[in-house]
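All remarks here apply to the structure that follows.
The values are calculated or read from the model by the stated rules, or taken from the named source; none is laboratory data. Note that the coordinates shown come from a computational prediction; the quantities given were computed from them, not determined experimentally. Methodologically, a virtual Cβ is constructed for each residue, glycine included, from the backbone with ideal geometry; neighbour enumeration extends over all protein chains shown.
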């Protein structure tokens, strides 16, 4: 999007990555469940970034808000349709991913 990569932005990315490593503590990767969680988290972060970039592009190109909202809903439906079976396979506790009106 023709933005300049400055030292400040590079430093911010390094701080974020170090924070992720500090919070997740992925080493050693002997626990497969941790690895699945890291992969799902990274995919979620990438999809969130794609959504933010799309919103910014739509705003700069002055795309109609209804078109932008429809595109957002379509993107979320496709993302959920793809991610639900994957999460269903990886998560053993069904109450985490089930839908219910009961509390």
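Could you count how many residues in the range 43-71 are under 20 Å from residue 17 (Cα atoms) and exposed (fewer than 14 other Cβ atoms within 10 Å of the Cβ)?
Final tally of qualifying residues: 8.
Determine which member of the set 54, 11, 27 is over 26 Å from residue 88 (Cβ atoms), in contact with a helix residue (DSSP H, G or I) (Cβ under 8 Å, 6 or more places away or on another chain) and either at pLDDT 80 or above or not in a helix (DSSP H, G or I) (or both).
Details: 11 fails: in contact with a helix residue (DSSP H, G or I) (Cβ under 8 Å, 6 or more places away or on another chain); 27 fails: in contact with a helix residue (DSSP H, G or I) (Cβ under 8 Å, 6 or more places away or on another chain).
Answer to the selection: 54.
Please go through (1) at pLDDT below 75; (2) surrounded by fewer than 10 Cβ atoms within 10 Å (Cβ to Cβ); (3) more than 30 Å from residue 13 (Cβ to Cβ) for residue 81 and return the number of the only condition it doesn't satisfy.
The one condition residue 81 does not meet is (1).
When residue 34 is evaluated against the numbered criteria (1) at pLDDT below 85; (2) outside any helix (DSSP H, G or I), which criterion, by number, is the only one it fails?
Failed condition: (2).
Please find, among 41, 59, the residue that is within 30 Å of residue 3 (Cα to Cα) and either at pLDDT below 80 or assigned to a loop (DSSP other than H, G, I, E, B) (or both).
Selected residue: 41, the only one of 41, 59 that is within 30 Å of residue 3 (Cα to Cα) and either at pLDDT below 80 or assigned to a loop (DSSP other than H, G, I, E, B) (or both).
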